[in-house]
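Have a look at the structure below, then the notes.
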Amino acid sequence: MKLAQFWGRLKPGQSIFGYKTDHLSISIEDAEVILLRSAEGGRTISPDIVIPIQAALDANRSNSLTPEHVAAFQAAYASLMKQAYDISVKSIALSRDTFEDIIDDAEVLVKYASETGITVPASDLTNIFAARDELQSGSFDISTKSNFYASYSVVTKLLGDVTADTIRNCSSESTRAILRRNRVWAISITVIATTISLLTFVLDSTSSKIKEDIDSASSLAAKLRLSFPGDTNSFAVNPCAEIYKIVALPNGVHISEDDIQLLQSLSSKIREIHNRSIKLNITMRSVECDPIPSCSQNTDYLRAKRHKDRKYLTEVQPKNELDSRAQLEINPAISNYAADSLCKIRTLQEVRSFAENVRDNYGALYGGISSYALPILYAVLGAFAYRLRTFSETIRRRTYHPSFSDSARMITAVIAGAISGMVNPAHSLSLSPLATAFLVGYGVEIFFKFLDSLVNAFGTSSK
């Protein structure tokens with residue numbers, strides 16, 4: 001059966017699932033909801049309005065509604081809507097509180113007022129407790145309800161933002177769960193952001209040091225090449241294989257202490273560049289091949305190590321280590337100074353290319369993380385700081401009420417953090433980009449005011 005056909009067969013005043021089906025009954029129920037919400041908001045509704053509505057409500061529920069009830073209700077309902085025009089029945093239709101619930105709320109507020117030293121007029125206390133007593137006895141007088149609404153509105157005015165729901169929320173298990181969840185998220189994001197920040201700080205320092213060492217080593221290599229004694233063409237093809245051969249110096253040519261210091265300094269710089277580049281390359285999952293002793297040898301060694309090839313590891317690995325020492329260390333005997341010097345210059349060229357490629361890869365990846373991912377993390381961290389601050393304040397004032405605006409603020413912080421990586425709203429305050437992102441997440445309203453000012457300035461300049 002179609003829903004329209006089913007609905008059409010219902011008689012006026014007939015109820016389904018506890019709700020009346022005709023428009024008049026719905027309006028009477030809505031009027032009671034508006035009366036309750038008005039009282040909760042501290043609005044005083046005249047008894048001339050409350051009494052006809054309550055009379056119509058009682059008559060409707062007992063199926064004894066008369067034309068006189070209807071006429072008086074319609075006049076009172078019109079007057080009520082003029083006073084409570086901003087209360088939307090549709091927005092509260094899914095959370096209809098009964099009159100019994102409102103009396104419980106009134107008792108909660110009275111208890112809170114007495115605990116905090118807020119004086120409630122005795123007449124209002126009398127009206128509230130009279131309504132409670134009549135509710136328990138089952139005999140309700142319309143004037144009692146009218147007096148209760150007036151007194152309930154007085155109490156809510158006295159307490160301001162404190163309501164029965166906020167008082168209950170401050171000690172509910174769901175609120176404790178929200179606090180635990182916020183705490184876990186805040187600590188987790190703090191650990192992640194701090195770890196990434198610390199890692200990028202260390203890696204930035206390593207990358208900068210590699211650049212300084214490359215410049216220093218290049219200068220040393222130029223000085224070393226100019227100090228070569230004798231003919232070096234015979235060692236130019238593979239100088240590292242010749243450094244252990246004994247080659248006599250030409251007559252009249254001597255190696256000074258400064259020459260040896262220069263060669264030793266260059267060798268030391270190459271080792272420093274190589275070691276730092278390897279560490280930086282590991283953070284990039286070793287995407288660049290280590291040229292010492294060669295890319296192919298290192299690839300074969302890693303493959304043999306992964307497959308546990310003992311023959312390769314016992315026979316070839318020692319040769320690789322010997323080749324690496326020849327490239328990175330000088331021969332203590334310095335039996336062939338020219339070959340040793342050419343070997344270190346060639347090694348510097350290979351290590352320098354490797355180091356620069358690693359630095360470029362690092363700059364591309366971690367530069368993007370520092371410019372876009374980290375600002376988002378710090379903006380979300382700032383939003384959590386704001387949320388925890390407001391959470392503690394509302395709990396202390398007993399005004400906490402769960403809201404979807406908390407989730408909206410998190411999403412807004414993510415957007416603001418991403419935008420702050422491109423637009424620095426605190427350029428005049430000399431703040432770091434991450435500090436700016438944190439402030440943007442903490443005060444997203446200020447950030448969007450900044451964007452509005454940019455839009456207004458852009459609109460003005462385009463005219």
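Would you check if VAL184 is open to solvent by 80 Å² or more (accessible area, probe 1.4 Å) and within 29 Å of the chain's Cα centre (by Cα)? Criteria met by VAL184.
Among the residues of region 129-159 satisfying the criterion of being under 16 Å from SER114 (Cα atoms) and in contact (Cβ under 8 Å) with a residue 12 or more places away in the chain, which is most open to solvent (accessible area, probe 1.4 Å)? This residue is LYS157.
All of PHE404, PHE391 fail the test of being over 25 Å from VAL287 (Cα atoms) and open to solvent by 70 Å² or more (accessible area, probe 1.4 Å), apart from PHE404. Checked against the criteria, ASP215 counts as assigned to a helix (DSSP H, G or I), at pLDDT 90 or above, surrounded by fewer than 17 Cβ atoms within 10 Å (Cβ to Cβ) and more than 29 Å from the chain's Cα centre (by Cα).
Can you tell me which residue within region 31-70, out of those that are touching a residue at least 60 places away in the same chain (Cβ under 8 Å) and over 19 Å from ILE128 (Cβ atoms), is most open to solvent (accessible area, probe 1.4 Å)? Spell out the reasoning first.
First pass over region 31-70, keeping only residues touching a residue at least 60 places away in the same chain (Cβ under 8 Å): 32-33, 35-36, 38-45, 47, 50-51, 54-55, 58.
If we keep only those that are over 19 Å from ILE128 (Cβ atoms) as well, we get 33, 55, 58.
Numbers: VAL33: 10, ALA55: 24, ASP58: 61 Å².
Filtering region 31-70 for residues that are touching a residue at least 60 places away in the same chain (Cβ under 8 Å) and over 19 Å from ILE128 (Cβ atoms), the one most open to solvent (accessible area, probe 1.4 Å) comes out as ASP58.
Select from region 187-201 the residues that are aliphatic (A, V, I, L, M) and surrounded by 13 or more Cβ atoms within 10 Å (Cβ to Cβ) and write down the one among them that is nearest to GLU100 (Cα to Cα). Can you show your working first?
Of the residues in region 187-201, the ones aliphatic (A, V, I, L, M) are 187, 189, 191-193, 196, 198-199.
Filter once more, keeping what is surrounded by 13 or more Cβ atoms within 10 Å (Cβ to Cβ): 189, 192-193, 196, 199.
On the way: ILE189: 45, ILE192: 50, ALA193: 50, ILE196: 55, LEU199: 60 Å.
Among residues in region 187-201 that are aliphatic (A, V, I, L, M) and surrounded by 13 or more Cβ atoms within 10 Å (Cβ to Cβ), the one nearest to GLU100 (Cα to Cα) is ILE189.
Can you list the helices (runs of 4 or more DSSP H) lying wholly within region 98-180 that have 1 or more residues being over 16 Å from ARG396 (Cα atoms)?
On the way: elements: 99-115, 122-137, 142-159, 164-169.
Ranges flagged: 99-115, 122-137, 142-159.
Please go through region 163-179 and pick out each residue that is closer than 26 Å to SER123 by Cβ, open to solvent by 10 Å² or more (accessible area, probe 1.4 Å) and of a type outside the set (Asp, Glu). Before the answer, list the steps.
Taking region 163-179 as the starting set, the residues that turn out to be closer than 26 Å to SER123 by Cβ are 163-167.
Cutting the leftovers down to open to solvent by 10 Å² or more (accessible area, probe 1.4 Å) gives us 163, 165, 167.
Answer for region 163-179, where residues must be closer than 26 Å to SER123 by Cβ, open to solvent by 10 Å² or more (accessible area, probe 1.4 Å) and of a type outside the set (Asp, Glu): THR163, ILE167.
Scanning region 267-288 for residues that are among the hydrophobic types (A, V, I, L, M, F, W, C), within 30 Å of the chain's Cα centre (by Cα) and open to solvent by 50 Å² or more (accessible area, probe 1.4 Å) returns a single hit, ILE282. Are any of the residues in region 409-421 surrounded by 13 or more Cβ atoms within 10 Å (Cβ to Cβ), within 30 Å of LYS211 (Cβ to Cβ) and more than 13 Å from the chain's Cα centre (by Cα)? Taking every residue of region 409-421 in turn, at least one turns out to be surrounded by 13 or more Cβ atoms within 10 Å (Cβ to Cβ), within 30 Å of LYS211 (Cβ to Cβ) and more than 13 Å from the chain's Cα centre (by Cα). For ARG409, the conditions (1) among the charged types (D, E, K, R); (2) over 30 Å from ALA186 (Cβ atoms); (3) at pLDDT below 90 all hold with the exception of (2). Pairing residues of region 364-379 that are under 17 Å from VAL444 (Cα atoms) with residues that are in a helix (DSSP H, G or I) and not aliphatic (A, V, I, L, M), at Cβ distances under 6 Å and at least 6 apart in sequence or on separate chains, gives PRO375/GLY417; PRO375/SER420; ILE376/GLY417; TYR378/PHE438; ALA379/GLY417; ALA379/GLY441. In region 202-212, of all residues being surrounded by fewer than 15 Cβ atoms within 10 Å (Cβ to Cβ) and of a type outside the set (Val, Ile, Thr), the one that is farthest from the chain's Cα centre (by Cα) corresponds to GLU212.
Against the definition (more than 27 Å from the chain's Cα centre (by Cα), without any contact (Cβ under 8 Å) to a residue 40 or more places away in the chain and either under 27 Å from ILE192 (Cβ atoms) or surrounded by 14 or more Cβ atoms within 10 Å (Cβ to Cβ) (or both)), how does ASP340 come out, yes or no? For ASP340, the condition - more than 27 Å from the chain's Cα centre (by Cα), without any contact (Cβ under 8 Å) to a residue 40 or more places away in the chain and either under 27 Å from ILE192 (Cβ atoms) or surrounded by 14 or more Cβ atoms within 10 Å (Cβ to Cβ) (or both) - is not met.
For residues in region 247-290 being in a loop (DSSP other than H, G, I, E, B) and among the β-branched types (Val, Ile, Thr), which is farthest from ILE345 (Cα to Cα)?
Within region 247-290, the subset in a loop (DSSP other than H, G, I, E, B) is 247-256, 284-290.
Then keep just the ones that are among the β-branched types (Val, Ile, Thr); that gives 247, 253, 255, 287.
Values: VAL247: 19, VAL253: 21, ILE255: 18, VAL287: 25 Å.
Among those residues, the one meeting the criterion is VAL287.
Hey, among ASN275, ASN298, ASN281, which residue is more than 21 Å from ALA326 (Cβ to Cβ) and either of a type outside the set (Lys, Arg) or modelled with pLDDT under 80 (or both)? Full working, then the answer.
On the way: ASN275 fails: more than 21 Å from ALA326 (Cβ to Cβ); ASN298 fails: more than 21 Å from ALA326 (Cβ to Cβ).
Step by step, each of ASN275, ASN298, ASN281 is checked, and only ASN281 is more than 21 Å from ALA326 (Cβ to Cβ) and either of a type outside the set (Lys, Arg) or modelled with pLDDT under 80 (or both).
Within region 348-358, identify whether any single residue is open to solvent by 40 Å² or more (accessible area, probe 1.4 Å), assigned to a helix (DSSP H, G or I) and among the hydroxyl-bearing types (Ser, Thr, Tyr), and answer yes or no.
Within region 348-358 (the criterion being open to solvent by 40 Å² or more (accessible area, probe 1.4 Å), assigned to a helix (DSSP H, G or I) and among the hydroxyl-bearing types (Ser, Thr, Tyr)), the answer is yes, since at least one residue qualifies.
The values are calculated or read from the model by the stated rules, or taken from the named source; none is laboratory data. What you see is a predicted model; the values in this text were computed from it and never measured. With ideal geometry, Cβ positions are generated from the backbone for all residues, glycine too; neighbour counts draw on all protein chains shown. Surface accessibility is based on the protein's heavy atoms, side chains included, excluding ligands, DNA and RNA. Shrake-Rupley method; radii C 1.70, N 1.55, O 1.52, S 1.80 Å.
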